[in-house]
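Each remark here refers to the structure printed beneath this line.
The values are calculated or read from the model by the stated rules, or taken from the named source; none is laboratory data. This one's a predicted model, so the numbers in the text were calculated from it and none came from an experiment. Every residue, glycine as well, gets a Cβ built from its backbone with ideal geometry; the counts of neighbours run over all protein chains shown.
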Amino acid sequence: MEIFLQQIVNGLVQGSVYALVALGYTMVYGILGLINFAHGEVVMIGAMLTLSTLTALLGWGVSPLLALPLSIIVAMLGCMVLGYSIERIAYRPLRHAPRLAPLITAIGVSIVLQNIAMIIWGRGYRSFPQLIANHPHNFGGAIINDIQIIIFLLALGIMAVLMVIVHRTRLGRAMRAVAENQHAAQLMGVNINRVISITFMMGSALAAVAGVMVSANYGLTHYYMGFILGLKAFTAAVLGGIGNLRGAMMGGLLLGLIESLGAGYIGDLTGGFFGSNYQDVFAFFVLVAVLVFRPSGLLGERLAERA
Amino acid sequence: MKFNSVSSLILATFVLALTGCEKSATSDQNKSGELVVRIGASAPLTGPQAHLGKDNENGTRMAIDDANAKGIMIGGRKAHFELISEDDQADPRTATIVAQKLVDNKVSGVIGHLNSGTSIPAAKIYSDNGIVQISPSATAVAYTAQGFKTAFRVMANDAQQGRVLGEYAAKNLAAKKIAVIDDRTAYGQGLADEFIKAARANGAEIVAHEYTNDKAMDFTAVLTAVKGKKPDLLFYGGMDAQGGPMAKQVKALELKSKFMTGDGGYTPEFIKLAGKAAESTYASLPGVPLDKMPGGKEFEKRFVANYGPIQLYAPYCYDAVNVMIAAMQKAGSPDPAKYLPSLASISYDGVTAKIQFDEKGDLKGGAITIYQVQHGKWQPLATMGTSTTAAH
């Protein structure tokens, strides 16, 4: 039982990171119909920027409790500039091109960002300083530490704020309008370029937070870390129904749970016939199964709600 | 127009990257009439193992720079060595493309690849084209067991290493219940399988065998499953990029078992990644400790001055190049067909060991050292000799 509980905790923590990253994919897809494969790299850049700022601030003698939020803010701002630039340089000129062109461009941007990060921050792993006393807590045999609790709560909080922005504000209405029909939105006086830029910036800010979470949790950053994370988050977005915000959150948490429960129990359930090497197979099997029965993902059909 | 400057910067980066990769392969003689000998090298220079790949490249480069500085004569002509380094991304498919590219560049020999998973498929291409391959670090038994006359390695194989590790875990550390995780690469899987055989032979019980991959960062799910089996010792077959974070997550999950890994984990990077959790973990490395190697101290000093701390296999790369050059000198030719027989029968005093190959191309009588992290540093615990006869 405690093992089961622990797997649920593992899955929820992992899942909330997936969910945050998946939101970035789904927001951009909702508005542009573009899969921004460079999003995983924005996560990585966010983590790297936090690390660099943090190291600099601590070097100047700023207290850790002040340095951490400051560097997260710097990383969010940095990623917002990055997200804006990516859209402006790589995607906007291709907005009316065939769909394949921006997709390939996105992969290109991802490779460029990876290599730039490799040049700036090096090939090696960089360890992330542990600033918060990371106490473990025991809940009925399952161990969860402070950083993991913060990750989970912060992810939930950010998602709630995002829902409010999209559904309760003027900007959110503009976003939904652009998602539904760009031309009609433009005729109604919505500045679509501005809305699209803001969407990219919001997604990138979320990515920066996710990057900090991942590196704080595992205590490391690496220029390659965004790739696999991006792939998993993309899967989560598709699972939940790409273009749908709630779908991305649900898909993220679900994927986290499927992975940890799958990896934890598949060996015992099949008597060792399938092992935890089938962890990813298991996750993608669920994805395929969902798409066979619901081709637009779990929550994918509510077009009006997408943003 | 401010964006144009940004995009032109990106474009410039691209152009630089592209021109940097191009190396012309034309005549075997340069302007000053020296004999040009091209030596290929391949390791992952991008991706999660890029730090190890760069380390290999540096070790190889240092040997080549040394050889050029010494003014080595081959067959009465002054030789100039050129390094052609290629990125195989630790990916077996990319490795075969890289191997073909090196063959097309008419290299005299190849130092590589870093991983077993890449060395094994590449070995066929080198063999088909008659090019000598010396892997500094591929330890999977399968690498030299394919029967290719051109494949050599300067490091003990996993049968030797896995046996020493398994024996040490079951006997010296008295582990009764052992859990194993491997990364499903040719190296990780091979080492884990040899470890399991040896541990069982010494009376230990394998209570769990779980898997991950060589790009993963999160192991909490498999570690939780392992925790349920309450092992005395957890063995990981794989590289430091996973081993380090795994050791950390072992601590975080309060999994109270000893942690042991192979040569892939014996790096400063492992300690950096695992943080405090690195303390008292075990790892092994074929060969004797660097400061006990014949030229180890001096090598380390010169390497650190040029490239920074040694990650792992740089001294082995250095030896691999030198033993290849020594064979060329002995045969008086950089032609692989001519120097292959002299390489097979060579006896060369390298910085890592006395290098002699058996009939398969494996290193003869490779010793294996067990290390433990004490006060944030790898410290040698015991060096166990393995005779080649026992390894086959």
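Things to note:
- Test: B:L312 is aliphatic (A, V, I, L, M) and without any contact (Cβ under 8 Å) to a residue 60 or more places away in the chain: no
- Verdict on A:R95 being basic (K, R), in contact with a Leu (Cβ under 8 Å, 6 or more places away or on another chain) and more than 26 Å from A:M27 (Cα to Cα): no
- Counting only strands (runs of 3 or more DSSP E) that fall entirely inside the range B:105-173 and contain at least 1 residues that are over 20 Å from B:D55 (Cα atoms), the qualifying elements are B:132-135, B:151-153.
- Subset of the range B:320-354 (residues that are closer than 21 Å to B:I310 by Cα, of a type in the set (A, V, I, L, M, F, W, C) and touching a residue at least 60 places away in the same chain (Cβ under 8 Å)): B:A320, B:V321, B:V323, B:A353
- Flag if B:E359 is part of a loop (DSSP other than H, G, I, E, B) and charged (D, E, K, R): yes
- Failed condition for B:R163, given (1) under 14 Å from the mean Cα position of the chain (by Cα); (2) closer than 17 Å to B:G365 by Cα: (1)
- Contacts under 8 angstrom Cβ, first residue in the range B:187-200 being over 16 Å from B:P231 (Cβ atoms), partner among the hydrophobic types (A, V, I, L, M, F, W, C) and surrounded by fewer than 20 Cβ atoms within 10 Å (Cβ to Cβ), 6 or more apart: B:G190/B:A142
- The condition (being buried (at least 24 other Cβ atoms within 10 Å of the Cβ) and not acidic (D, E)) is satisfied by just one residue among A:M1, A:M27: A:M27.
- Those residues of the range A:113-152 which are outside any strand (DSSP E or B) and under 14 Å from A:N10 (Cα atoms), in sequence order: A:G141, A:D146, A:I147, A:Q148, A:I149, A:I150, A:I151, A:F152
- Candidates in the range B:213-224 are the residues that are of a type outside the set (D, E, K, R) and more than 7 Å from every other protein chain (Cβ to nearest Cβ); of these, the one that is surrounded by the fewest Cβ atoms within 10 Å (Cβ to Cβ) is B:N213.
Listed here are the residues, each with its yes/no results for (1) within 13 Å of another protein chain (Cβ to nearest Cβ); (2) not hydroxyl-bearing (S, T, Y).
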{"site": "A:A75", "(1), (2)": "no, yes"}
{"site": "A:V81", "(1), (2)": "yes, yes"}
{"site": "A:Y91", "(1), (2)": "yes, no"}
{"site": "A:T105", "(1), (2)": "yes, no"}
{"site": "A:I116", "(1), (2)": "yes, yes"}
{"site": "A:H137", "(1), (2)": "yes, yes"}
{"site": "A:I144", "(1), (2)": "yes, yes"}
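- In the range B:266-281, the residues that are away from chain A (no Cβ under 14 Å) and more than 24 Å from B:E194 (Cα to Cα): B:E279
- Yes/no for A:I86 being at pLDDT 95 or above, in a helix (DSSP H, G or I), under 30 Å from B:Q89 (Cα atoms) and within 12 Å of another protein chain (Cβ to nearest Cβ): yes
- Residue within the range B:243-265 that is in contact (Cβ under 8 Å) with a residue 40 or more places away in the chain, facing chain A (nearest Cβ under 8 Å) and crowded, with 24+ Cβ neighbours inside 10 Å present: no
- Condition broken by B:A69, with the remaining ones in (1) without any contact (Cβ under 8 Å) to a residue 12 or more places away in the chain; (2) out of contact with any helix residue (DSSP H, G or I) (no Cβ under 8 Å at 6 or more places or on another chain); (3) within 21 Å of B:S119 (Cα to Cα) satisfied: (3)
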